[in-house]
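This report concerns only the one structure given below.
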Amino acid sequence: MSITKRRWLASLVLVVALLLSGAAAGTDGSLIEVDYRSLVSRADLDYDKPVSRSEEGIPVGNGRMGSLVWTTPAALRFQINRVDVFAENCETNSFPVRDSDYSSGCGYVDIDFVDFGEDVFVSTAFRQHLSLYDALMTVQGKGITARVLAWPERDVMAVEVDDQRSQPACVNIDLRMLRYAIQYHSRRNYGLMKSHSVMFRTRSHTATSRLDIRNSRIVLTQEFREGDYYNASAVAIGVVGRPSKAKYANDSTVRLSAAPGKGRFTILIASAASFNSDEDVAVLALKELDAAAAKSFAGLLTDTSAWWNDFWSKGFVYMHSPDGQADFVEQNYTYFLYLMGASSRGNYPPRFGGMLWRTTGDLSRWGSQHWWANTNAYYSNLMPSGRLELMDTMFSMYYRMRDSCARAAVQQWGSQGIWIPETVWFDGLEDLPNDIAAEMRELYLMKKPWEQRSEKFRRFAEFKQPHNSRWNWKASGKWVDGRWVFRDKGRGPFGHVTHIMGAGARIAALFWQRYQYTMDETWLRERAYPMIKGSVEFYRNFPNFQKGEDGKYHIHHVNSGEGSWNSSDTSYEVSCMHMIFPLAIRASEILGVDADLRPIWQEIKDNLVELPKQSRRSRRAYGAFVYGGEGGIEPIGPEPELKSRFLGFNRLNSFIDTAGIGGAQIFRNRLRLREGPGAIDAEHIGGLASGIHKTMLSSLLEQVEREPVLRIFNDWPNSWDAAFTLLARGAFLVSSSMEKGQIEFVQIQSQLGGECCLRNPWPDKTVTFYRNSKRAEDLSGLLLRFPTSRGDTVTVVPHGSMPSRKKIF
């Protein structure tokens with residue numbers, strides 16, 4: 001048989017095979033058929049005994065509001081949190097004590113099933129389960145079953161109660177304030193009492209909580225004020241399908257009591273928040289509740305399941321090994337995507353410590369600000385999951401603060417562009433008085449001795465929040481004779497996060513990456529480029545960035561991350577500059593703008609000081625992975641070490657106040673507590689997800705002006721079977737499968753068209769390409785370059801092999 005005939009026959013066999021099995025895989029022609037329900041359900045949470053503490057509850061959220069859901073023997077409990085609730089902003093002068101500022105919390109909700117009688121949630125008859133595929137939590141006790149969901153369409157959580165006890169009791173729903181204290185407020189106490197309100201004052205800041213009953217619904221509002229700043233939240237609760245009665249239980253609690261009876265009824269918990277003092281935030285929450293009340297619980301569940309089912313269909317990772325270790329890693333990966341879908345869809349990103357899962361009221365170690373190093377653990381390599389919308393909340397927050405950060409660049413550093421601090425309020429930094437800004441520049445740039453700072457500067461700094469990068473030279477303090485007395489950290493204006501300049505560059509690089517993954521030039525022009533240009537211009541105009549006698553540009557009096565204070569040419573800053581200057585040049589070329597700045601940036605790029613050899617990549621470890629900026633994972637080698645790299649994410653070490661948190665631990669809900677009370681986090685599995693993405697599908701650029709190179713199963717353990725569908729730079733949706741150490745195929749869906757470059761998964765072999773199910777060509781070599789058109793599906797297999805379908809469950 002001739003070669004031509006053999007090729008024709010092979011192509012015919014492939015087409016027939018694809019046609020025969022096309023219905024199972026869908027109309028996209030994918031070679032991988034995934035039963036998403038079965039795959040995602042492998043990561044479900046399932047408790048056979050009640051939690052021992054609230055932090056072990058099960059997370060339920062819609063991306064904007066959420067709660068851990070936990071039980072006590074008689075009750076189902078929640079703390080309602082929102083991503084857009086902030087007790088204070090960048091202009092506060094009321095929280096000089098570390099960890100005293102707060103955010104997110106809206107109110108406690110307790111659904112109590114027992115006044116007198118037998119407890120319902122006890123070990124002998126208990127199960128609590130979270131179905132990730134449908135985002136439905138179910139808890140079963142003695143005679144009581146409750147199902148809980150968070151409606152993606154509106155800000156409502158719904159609880160369906162099924163009471164099958166032989167003697168049903170009244171079900172009391174208590175809505176409680178997060179803070180209660182009786183303080184004297186001149187001429188206001190009687191009015192506060194009459195309106196069921198409690199005002200809590202902290203220096204110039206007030207937090208007013210108010211209970212209300214409106215049309216048989218119960219409401220709790222919070223108002224935070226300081227100077228011109230205003231933020232408010234509301235929680236509103238109603239009962240559907242059962243008679244109910246509202247009353248004020250005490251000064252801090254309003255109660256809605258559902259009549260006793262067998263069968264099902266629904267409790268709706270709505271929330272809202274606003275920065276507008278002219279809005280009645282309670283009305284906003286009640287509108288959310290009304291929208292949900294128009295639907296049955298079944299209708300809300302249908303909507304919720306449909307949203308999450310679509311969410312899961314955007315991509316997947318499957319892993320299996322005989323010892324179950326690979327399966328365990330996969331389950332944590334899937335669970336991380338659930339956490340992000342449940343908490344990262346609002347106007348602001350969830351804060352790294354607590355997310356939407358706080359249960360300790362206002363208490364949260366590390367306060368309410370955002371640390372980039374921690375936030376980065378959640379977002380640094382999330383784009384390959386194909387769920388770019390989860391990134392938008394982070395992008396929006398940092399983009400909104402760019403004007404504030406531009407002023408900070410001038411005021412604090414005498415530079416231009418944008419300076420985004422490592423640790424920053426949700427709205428950036430406050431404007432400084434001109435004289436304070438002038439002295440700050442002299443002090444922070446090391447032009448004026450620290451000991452000579454003025455009394456006015458000292459007084460101005462006295463009540464500033466010490467976690468904030470601008471004031472992080474402040475160390476611990478104490479109250480002495482009614483005055484807050486603090487010391488500095490002994491290194492002048494330097495602290496852990498004072499002189500980190502590169503956070504903005506790293507954030508800007510993620511804006512650029514979104515362009516790479518979508519090829520959306522409007523995004524590049526309107527969002528990414530302003531951030532990139534702002535970051536590079538900050539470095540260019542930074543007074544302590546200078547050309548030395550060696551002809552190289554050096555940077556002085558900076559930190560290296562949180563270490564190496566007051567140093568020169570730190571690995572963190574130099575790596576950021578080596579990253580951001582090429583990006584600025586390339587982005588300006590694509591957009592055809594700032595041609596006058598391009599040669600200036602190029603000259604700096606060409607003459608930047610090099611990184612020390614041992615620090616060629618600025619590294620940060622999450623779990624057992626080590627990452628470097630735009631670089632990939634450092635190669636490790638032997639299979640046991642490869643496995644250890646994945647499994648290391650679950651190792652735990654104490655960090656902050658071990659005794660205060662009852663010992664560092666990872667709970668059954670896979671969340672971690674190691675950074676102090678109230679600072680529960682998922683950074684460890686965020687790092688794991690990032691590492692999985694980089695290892696399964698790397699699409700890095702060797703140089704910024706070149707096309708990305710797709711690398712499949714880079715340093716993957718041979719004994720771990722795996723399959724995936726992930727997004728690559730260039731808007732290529734890539735699927736592949738490895739079984740018994742052998743890559744079976746690579747399939748690439750070109751969403752926009754363009755040239756694709758694939759590192760040959762079978763380096764010593766010729767490969768065969770099939771384009772839209774038709775045999776196209778054979779190629780060989782280390783790098784395989786081929787054109788694509790929008791909508792093309794390209795399948796690559798070793799020469800002589802036939803693509804075959806892969807069924808995941």
**Q.** Number of the exception - residue 145 against (1) closer than 25 Å to residue 282 by Cβ; (2) surrounded by 15 or more Cβ atoms within 10 Å (Cβ to Cβ)
**A.** (1)
Q) How many residues are farther than 23 Å from residue 515 by Cβ, assigned to a helix (DSSP H, G or I), within 27 Å of the chain's Cα centre (by Cα) and small (Gly, Ala, Ser) when one looks only at the range 559-616? A) 1
Q: Look through the range 99-157, keep the residues that are of a type in the set (Ser, Thr, Tyr) and either touching a strand residue (DSSP E or B) at 6+ places or on another chain (Cβ under 6 Å) or without any contact (Cβ under 8 Å) to a residue 60 or more places away in the chain (or both), and return whichever of them is nearest to residue 345 (Cα to Cα).
A: 104
Q: Would you be able to tell me the number of residues in the range 222-264 that are in contact (Cβ under 8 Å) with a residue 60 or more places away in the chain and under 17 Å from residue 157 (Cα atoms)?
A: 7
Q) helices (runs of 4 or more DSSP H) wholly in the range 401-481 with at least 2 residues that are under 19 Å from residue 90 (Cβ atoms) and out of contact with any helix residue (DSSP H, G or I) (no Cβ under 7 Å at 6 or more places or on another chain) - which ones? A) 402-413
Q: State whether the residues of the range 780-802 include one that is among the charged types (D, E, K, R), touching an Asp or Glu at 6+ places or on another chain (Cβ under 8 Å) and surrounded by 15 or more Cβ atoms within 10 Å (Cβ to Cβ).
A: no
Q: Give, as residue ranges, the strands (runs of 3 or more DSSP E) completely inside the range 697-769 that count at least 1 residues that are touching a residue at least 60 places away in the same chain (Cβ under 8 Å) and within 28 Å of the chain's Cα centre (by Cα).
A: 721-728, 732-739, 742-750
**Q.** Candidates 34, 60, 40, filtered to the one that is among the β-branched types (Val, Ile, Thr), open to solvent by 20 Å² or more (accessible area, probe 1.4 Å) and touching a residue at least 24 places away in the same chain (Cβ under 8 Å)
**A.** 34
Q) Residue check: is residue 287 under 18 Å from residue 62 (Cα atoms), assigned to a helix (DSSP H, G or I) and among the basic types (Lys, Arg)? A) yes
Q.
Return the residues of the range 169-213 that are among the basic types (Lys, Arg), outside any strand (DSSP E or B), touching a strand residue (DSSP E or B) at 6+ places or on another chain (Cβ under 9 Å) and free of Cβ contacts under 8 Å to residues at least 24 places away in the same chain; say none if nothing qualifies.
A. 188
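A quick yes/no check of all residues on (1) within 29 Å of residue 689 (Cβ to Cβ); (2) touching a residue at least 12 places away in the same chain (Cβ under 8 Å):
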position	(1), (2)
369	yes, yes
372	yes, yes
438	no, no
453	no, yes
Q: Consider residue 342 carefully, then state whether it is open to solvent by less than 10 Å² (accessible area, probe 1.4 Å), outside any loop (DSSP other than H, G, I, E, B) and either of a type in the set (D, E, K, R) or farther than 27 Å from residue 498 by Cα (or both).
A: yes
Q. Any idea which of 495, 490 is within 24 Å of residue 448 (Cα to Cα), surrounded by fewer than 20 Cβ atoms within 10 Å (Cβ to Cβ) and not hydroxyl-bearing (Ser, Thr, Tyr)?
A. 490
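Residue-wise test of (1) among the hydrophobic types (A, V, I, L, M, F, W, C); (2) out of contact with any strand residue (DSSP E or B) (no Cβ under 9 Å at 6 or more places or on another chain).
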position: 365; (1), (2): no, no
position: 373; (1), (2): yes, no
position: 410; (1), (2): yes, yes
position: 426; (1), (2): yes, no
Q) When you go through (1) under 24 Å from residue 680 (Cα atoms); (2) open to solvent by 30 Å² or more (accessible area, probe 1.4 Å); (3) not aliphatic (A, V, I, L, M) one by one for residue 380, which number turns out not to apply? A) (2)
Q: Look at residue 591 and say whether it is over 21 Å from residue 501 (Cβ atoms) and surrounded by fewer than 20 Cβ atoms within 10 Å (Cβ to Cβ).
A: yes
Q) Which residues, taken from the range 290-307, are surrounded by 17 or more Cβ atoms within 10 Å (Cβ to Cβ) and not in a helix (DSSP H, G or I)? A) 295
Q.
Please verify whether residue 128 is of a type in the set (S, T, N, Q) and closer than 30 Å to residue 36 by Cα, treating the condition exactly as stated.
A. yes
Q. Which one of these is crowded, with 24+ Cβ neighbours inside 10 Å and either of a type in the set (A, V, I, L, M, F, W, C) or closer than 22 Å to residue 662 by Cβ (or both): 122, 114, 139, 97?
A. 139
Q | Top-ranked residue of the range 151-198 - restricted to ones that are within 25 Å of residue 82 (Cα to Cα) and of a type in the set (Lys, Arg), ranked as surrounded by the fewest Cβ atoms within 10 Å (Cβ to Cβ) | A | 179
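The values are calculated or read from the model by the stated rules, or taken from the named source; none is laboratory data. Note that this is a predicted model, so its numbers are computed, not measured. For neighbour counting, all protein chains shown are included, and Cβ atoms are generated from backbone atoms with ideal geometry for every residue, glycine included. Areas reflect the complete protein model, heavy atoms only, side chains present, ligands, DNA and RNA absent. Shrake-Rupley method; radii C 1.70, N 1.55, O 1.52, S 1.80 Å.
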